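In what follows, a structure is listed as structure tokens, so that the remarks can point back to it.
The values are calculated or read from the model by the stated rules, or taken from the named source; none is laboratory data. This structure is a prediction, so every number in the text was calculated from the model and none was measured. Heads up, the Cβs are rebuilt from the backbone with ideal geometry, glycines too, and the neighbour counts pull from every protein chain shown.
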């Protein structure tokens with residue numbers, strides 16, 4: 001659909017990428033990754049047609065549509081949320097109006113007239129096209145996407161300019177998803193989504209009929225939505241097959257290979273230089289020396305770019321609290337007529353790492369504020385245990401910072417025992433490097449100040465941390481530092497986050513806030529989801545098994561003529577065993593076929609990866625077509641073999 005050919009882009013004097021070759025095919029689901037400042041968002045704008053290349057070219061298939069969602073900056077006004085989303089279908093709505101107009105004409109015209117025949121032909125054509133484009137379900141489509149993105153029905157009629165920036169971005173995302181362009185370009189689409197909405201978007205993208213490219217700092221989100229990863233590294237585009245986890249593994253392998261090639265090249269260069277230096281002054285060796293000089297000049301030097309150093313930061317461990325950290329008894333909270341909680345009861349123990357989950361508006365932030373004492377319960381009580389010292393990170397934590405203080409001075413005062421170099425390394429993880437650390441806090445943006453406020457908490461924590469959306473505005477590197485520090489923290493943590501990977505790795509307990517109740521679940525988020533699924537299955541099974549009158553349905557076996565069922569339990573067991581057994585020869589054949597497939601599938605995957613790498617380097621249109629056809633054939637073969645292997649494995653397991 002879209003291809004970059006020897007593309008290059010500068011940002012002022014700095015080169016972002018060079019000699020970039022990338023063939024973007026239909027229905028590919030790709031992540032664009034790279035360190036901060038490497039040009040991911042710039043490249044996304046180039047693909048969207050909003051910025052131009054400094055070198056090379058960009059070719060696009062005629063008639064393809066591209067939809068682009070930036071990180072921020074969109075503002076909509078003048079319509080209700082529902083009407084704004086319906087503008088995506090303006091062409092279909094005009095078609096619907098014309099169909100209605102033609103229907104009126106057909107009722108009035110003489111059936112034998114040429115005008116009637118012309119109108120009838122146009123009416124039939126439009127109606128067929130309208131039906132093919134699912135024009136009769138526009139309202140349902142809009143409602144489904146808005147509901148999935150967290151808009152209640154009461155929000156649909158509200159004006160778009162009544163919503164905050166984050167919700168405005170949700171509206172823009174809804175419009176893109178409804179438009180279904182051939183290529184979706186989404187730059188940090190999950191920034192403004194809660195956990196439940198993010199889960200919905202994951203499911204939506206998995207079934208999206210066309211291709212998309214994502215930039216995201218959410219590992220889990222990338223792992224479940226993409227099958228290809230393109231990294232900007234060393235000013236080049238590097239293409240990897242598979243999701244984000246597979247990309248990390250393959251990247252390590254590639255770097256190992258690059259380092260080996262670099263060492264071999266250095267040995268070669270040193271040999272050449274040694275020969276040149278040794279025999280440069282000898283006339284009898286002049287020809288050989290000149291030959292070595294030319295050989296040396298032709299060598300294209302391999303560069304090993306510096307990797308960002310991995311920072312391991314440990315909390316200064318706080319004084320221990322008592323075993324019981326929090327006791328909530330009969331806790332209720334309401335704002336006027338709106339009841340948030342009622343009769344909530346739970347305890348938190350020392351060392352718990354508790355994730356609060358629930359839909360937007362369920363009361364997660366309110367619960368944290370009740371635990372900090374920033375909010376007063378309407379009824380009931382929250383009691384902190386012995387020697388509990390709490391510290392609260394709010395979503396708008398930046399508001400409490402001293403705007404006149406310089407960043408490094410401020411964090412040094414908060415951590416008198418931490419060396420300055422360690423503080424500067426920590427700030428670097430949170431994207432403050434170089435002279436940034438000498439800036440007054442007042443000149444930073446809201447997101448930057450929140451990042452700094454979180455780093456400040458890390459250097460002098462209390463023994464009870466309450467963190468409301470600490471992962472917002474953090475890249476993966478900063479999240480890893482935060483995650484590692486919290487995992488090694490000896491105190492108690494209660495946190496709200498929309499990052500699945502972060503929750504799964506950190507939480508030892510989940511508190512679900514839903515319907516005015518708080519329910520405790522041991523384990524991480526995956527354990528919680530398994531419990532929810534088991535509850536859903538049990539509920540659906542119960543509804544199927546129970547008849548309308550509340551009686552269990554009965555199954556009557558045929559009679560054998562003497563008043564008893566024709567098949568005894570033993571007979572049934574014999575039949576069951578017989579169906580499970582396989583002919584030994586057949587079983588052996590199946591096992592051999594399974595072994596063959598287990599060897600063949602990796603071979604085909606390797607062939608696909610090799611073909612993909614070849615496609616990354618443009619040679620000619622004919623070669624690109626050949627390789628594309630080959631890749632499609634290999635994918636089809638892989639799908640067939642995988643399905644066969646799964647079926648055989650299942651039969652053998654049942655046997």
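If the condition is being touching a helix residue (DSSP H, G or I) at 6+ places or on another chain (Cβ under 9 Å) and closer than 18 Å to residue 299 by Cα, then the stretch 272-288 contributes 272, 273, 275, 276, 288. On the stretch given as the stretch 34-64, residues that are assigned to a loop (DSSP other than H, G, I, E, B), touching a residue at least 60 places away in the same chain (Cβ under 8 Å) and within 22 Å of the chain's Cα centre (by Cα) total 5.
Residues considered: 359, 354. Of these, the only one that is over 30 Å from residue 255 (Cβ atoms) and modelled with pLDDT of 90 or more is 354. The set of residues in the stretch 619-641 that are out of contact with any helix residue (DSSP H, G or I) (no Cβ under 6 Å at 6 or more places or on another chain) and modelled with pLDDT under 80 comprises 619, 620, 621, 622, 623, 624, 625, 626, 628, 629, 632. The set of residues in the stretch 415-442 that are part of a loop (DSSP other than H, G, I, E, B) and surrounded by 15 or more Cβ atoms within 10 Å (Cβ to Cβ) comprises 415, 418, 430, 431, 432, 439.
Filtering 112, 157, 137, 132 for residues that are modelled with pLDDT under 85, within 30 Å of residue 195 (Cβ to Cβ) and either touching a helix residue (DSSP H, G or I) at 6+ places or on another chain (Cβ under 9 Å) or not assigned by TED's automatic domain parsing to the domain that holds residue 203 (or both) leaves a single hit, 137.
The set of residues from the stretch 190-205 being closer than 26 Å to residue 21 by Cα and at pLDDT below 90 is empty.
For residues that are in contact (Cβ under 8 Å) with a residue 12 or more places away in the chain and assigned to a helix (DSSP H, G or I), tally how many sit in the stretch 370-399. Residues in the stretch 370-399 being in contact (Cβ under 8 Å) with a residue 12 or more places away in the chain and assigned to a helix (DSSP H, G or I): 5 in total. The residues on offer are 458, 466, and the sole one that is farther than 20 Å from residue 190 by Cα, surrounded by 19 or more Cβ atoms within 10 Å (Cβ to Cβ) and touching a strand residue (DSSP E or B) at 6+ places or on another chain (Cβ under 9 Å) is 466. With respect to (1) farther than 28 Å from residue 190 by Cα; (2) touching a residue at least 40 places away in the same chain (Cβ under 8 Å), the lone exception for residue 101 is condition (2).
Looking only at residues that are in contact with a helix residue (DSSP H, G or I) (Cβ under 7 Å, 6 or more places away or on another chain) and more than 30 Å from residue 426 (Cβ to Cβ) in the stretch 289-330, which one is modelled with the lowest pLDDT? The residue in question is 302. For residue 31, the criteria (1) touching a residue at least 40 places away in the same chain (Cβ under 8 Å); (2) surrounded by fewer than 18 Cβ atoms within 10 Å (Cβ to Cβ) hold in every case but one, which is (2). Checked against the criteria, residue 264 does not count as surrounded by fewer than 19 Cβ atoms within 10 Å (Cβ to Cβ) and under 11 Å from the mean Cα position of the chain (by Cα).
Let's see how each residue does on (1) under 36 Å from the mean Cα position of the chain (by Cα); (2) more than 30 Å from residue 433 (Cβ to Cβ); (3) surrounded by fewer than 17 Cβ atoms within 10 Å (Cβ to Cβ):
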position: 257; (1), (2), (3): yes, no, yes
position: 269; (1), (2), (3): no, yes, yes
position: 336; (1), (2), (3): no, yes, yes
position: 351; (1), (2), (3): yes, yes, yes
position: 358; (1), (2), (3): yes, yes, no
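Residues in the stretch 207-228 that are assigned to a strand (DSSP E or B) and over 23 Å from residue 192 (Cα atoms): 228 only.
Given the criteria within 22 Å of the chain's Cα centre (by Cα), outside any helix (DSSP H, G or I), crowded, with 20+ Cβ neighbours inside 10 Å and at pLDDT 85 or above, does residue 493 qualify?
no
Exactly one residue out of 38, 61 is surrounded by 14 or more Cβ atoms within 10 Å (Cβ to Cβ) and touching a strand residue (DSSP E or B) at 6+ places or on another chain (Cβ under 9 Å), and it is 38.
Looking across the stretch 443-458, just one residue is over 17 Å from residue 396 (Cβ atoms) and either modelled with pLDDT of 80 or more or part of a strand (DSSP E or B) (or both), and that is 443. Residues that are in contact with a strand residue (DSSP E or B) (Cβ under 6 Å, 6 or more places away or on another chain) and over 22 Å from residue 7 (Cβ atoms) within the stretch 214-224 comprise just one, 222.
Mind checking whether some residue in the stretch 368-387 is closer than 23 Å to residue 326 by Cβ, modelled with pLDDT under 85 and crowded, with 16+ Cβ neighbours inside 10 Å? Taking every residue of the stretch 368-387 in turn, none turns out to be closer than 23 Å to residue 326 by Cβ, modelled with pLDDT under 85 and crowded, with 16+ Cβ neighbours inside 10 Å. When the residues of the stretch 234-264 are filtered to those that are assigned to a helix (DSSP H, G or I) and in contact (Cβ under 8 Å) with a residue 60 or more places away in the chain, which remaining residue is nearest to residue 6 (Cα to Cα)? This residue is 247.
Give me a count of the residues in the stretch 64-92 that are more than 27 Å from residue 164 (Cβ to Cβ) and surrounded by fewer than 14 Cβ atoms within 10 Å (Cβ to Cβ). Qualifying residue count, the stretch 64-92: 2.
Taking the condition of being out of contact with any helix residue (DSSP H, G or I) (no Cβ under 6 Å at 6 or more places or on another chain) and either touching a residue at least 24 places away in the same chain (Cβ under 8 Å) or within 15 Å of residue 389 (Cβ to Cβ) (or both), how many residues in the stretch 358-369 meet it? Selection size over the stretch 358-369: 8. Residues in the stretch 499-525 that are under 12 Å from residue 358 (Cβ atoms) and part of a loop (DSSP other than H, G, I, E, B) were compared, and the one that is nearest to the chain's Cα centre (by Cα) is 515.
Considering every residue within the stretch 229-245, establish whether at least one is surrounded by fewer than 16 Cβ atoms within 10 Å (Cβ to Cβ), touching a helix residue (DSSP H, G or I) at 6+ places or on another chain (Cβ under 9 Å) and over 24 Å from residue 41 (Cα atoms). Looking for residues that are surrounded by fewer than 16 Cβ atoms within 10 Å (Cβ to Cβ), touching a helix residue (DSSP H, G or I) at 6+ places or on another chain (Cβ under 9 Å) and over 24 Å from residue 41 (Cα atoms), one finds none in the stretch 229-245, hence no.
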